[in-house]
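Asks: Here you go, one structure.
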Amino acid sequence: MIRKTRVLFATRFAEMAEYRAEVIIWMLSGTISLVMMLVWMAQAANAPGGQIGGYDGSQFATYFLSVWLVGQLLVVWVGWELDFMIRQGTLSPKLLRPLDPMWPEYAAHVAERFVRIGPMLVLLVIFTALSGASFTREWWAYPVTLGLCILGFTCRFLYEYTLGLLAFWTESSTSFSEVAWLLYAALGGLFAPLTFYPQWVQDIAIWTPFPYMLGLPAQVLAGKATLAQAGSGALILFGWVVFFWVARLLVWRLGLKKYGAVGA
């Protein structure tokens, strides 16, 4: 199993490395959080006392740069891949292999993170210097953030994979992924910290995985969340991972009965 995992990762890493320039372009295109950082920093500068909701310009910079960093680690495109494979029938040869087609896709996503991490850290240093952001000095925040990102990425991968499988029944499943992205962005804290939202929105958001995927690790890096909050968030995320794993298996098995591509 270890040898198979190593070979699978190595082949997918080599494939992702061929697209390293495109990976950088993808990374630069995900700048919504940076735009929101500039907007909120400008609003804080004009606000009485130079603060909004307990955030000054530097704290807004720290939060939104943390959101940008975490968001880069949570990028998932598997829904679009599945939509294409199911509609075009290229899923058929993958069914002949003694391996769940999910695992090569998961390995490709993990390998892409290793291609992305170098230029991502360089950009983070540049953005930090330009914006005046100041990340927490608590040592535990960084391994905890990494653990939350791993859980968050796995959770997002599984629900995007499940949504992609809806292509078994629809002409295109990408619309479902786009709706899911809107929920992920809005409830995850991409546009503003969740505490800035109306209370009824916060009450709904805590029942979803999104605040714990994006906003919570960003708050940990910004020094706005405690270790206890991070621990409870990790438990909630793990529960969602289990839920989406079961949902994926169910939708996959039902979808295969519906699949009718040539060679299936």
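Asks: Any residue at all in region 145-155 that is assigned to a loop (DSSP other than H, G, I, E, B), out of contact with any Lys or Arg (no Cβ under 7 Å at 6 or more places or on another chain) and of a type outside the set (S, T, N, Q)?
Replies: no
Asks: Failed condition for residue 74, given (1) of a type outside the set (Asp, Glu); (2) open to solvent by less than 10 Å² (accessible area, probe 1.4 Å); (3) modelled with pLDDT under 90, with all others met?
Replies: Unmet for residue 74, out of (1) of a type outside the set (Asp, Glu); (2) open to solvent by less than 10 Å² (accessible area, probe 1.4 Å); (3) modelled with pLDDT under 90: (3).
Asks: Here are 70, 75: which of them is within 22 Å of residue 160 (Cα to Cα), touching a Leu at 6+ places or on another chain (Cβ under 8 Å) and in contact (Cβ under 8 Å) with a residue 12 or more places away in the chain? If you could, list the steps in order and put the result at the bottom.
Replies: Values: 75 fails: touching a Leu at 6+ places or on another chain (Cβ under 8 Å).
Going through 70, 75 in turn, just one is within 22 Å of residue 160 (Cα to Cα), touching a Leu at 6+ places or on another chain (Cβ under 8 Å) and in contact (Cβ under 8 Å) with a residue 12 or more places away in the chain: 70.
Asks: If I filter region 89-118 down to residues being among the β-branched types (Val, Ile, Thr) and open to solvent by 50 Å² or more (accessible area, probe 1.4 Å), which single residue comes out as nearest to residue 151 (Cα to Cα)? Quick ask: steps written out before the conclusion?
Replies: The first filter runs over region 89-118 and keeps only residues among the β-branched types (Val, Ile, Thr), leaving 90, 110, 115, 117.
Keeping just the survivors that are open to solvent by 50 Å² or more (accessible area, probe 1.4 Å) gives 90, 117.
On the way: 90: 29, 117: 18 Å.
Checked region 89-118; the qualifying residue nearest to residue 151 (Cα to Cα) is 117.
Asks: Would you be able to say whether some residue in region 166-186 is open to solvent by 40 Å² or more (accessible area, probe 1.4 Å), of a type in the set (Asp, Glu) and in a helix (DSSP H, G or I)?
Replies: So far as region 166-186 goes, yes, one or more of its residues are open to solvent by 40 Å² or more (accessible area, probe 1.4 Å), of a type in the set (Asp, Glu) and in a helix (DSSP H, G or I).
Asks: Still on this structure: For a quick check of your reading: which helices (runs of 4 or more DSSP H) sit entirely within region 1-78 and have at least 2 residues that are polar (S, T, N, Q), more than 23 Å from the chain's Cα centre (by Cα) and farther than 30 Å from residue 104 by Cα?
Replies: Answer list for region 1-78: 32-46.
Asks: Here is a follow-up. If a residue must be touching a Leu at 6+ places or on another chain (Cβ under 6 Å) and open to solvent by 10 Å² or more (accessible area, probe 1.4 Å), how many such residues does region 203-214 contain?
Replies: Residues that pass the stated criteria total 4.
Asks: Another one. Scan (1) in a loop (DSSP other than H, G, I, E, B); (2) crowded, with 19+ Cβ neighbours inside 10 Å for the single condition residue 136 breaks and write down its number.
Replies: Of the numbered conditions (1) in a loop (DSSP other than H, G, I, E, B); (2) crowded, with 19+ Cβ neighbours inside 10 Å, the odd one out for residue 136 is (2).
The values are calculated or read from the model by the stated rules, or taken from the named source; none is laboratory data. Model, not experiment: these values are computed from the prediction. As a convention, Cβ positions derive from the backbone with ideal geometry for all residues, glycine included, and neighbour counts pool all protein chains shown. Note: accessible area is taken over every heavy atom of the protein model, side chains too, but ligands, DNA and RNA are not part of it. Shrake-Rupley method; radii C 1.70, N 1.55, O 1.52, S 1.80 Å.
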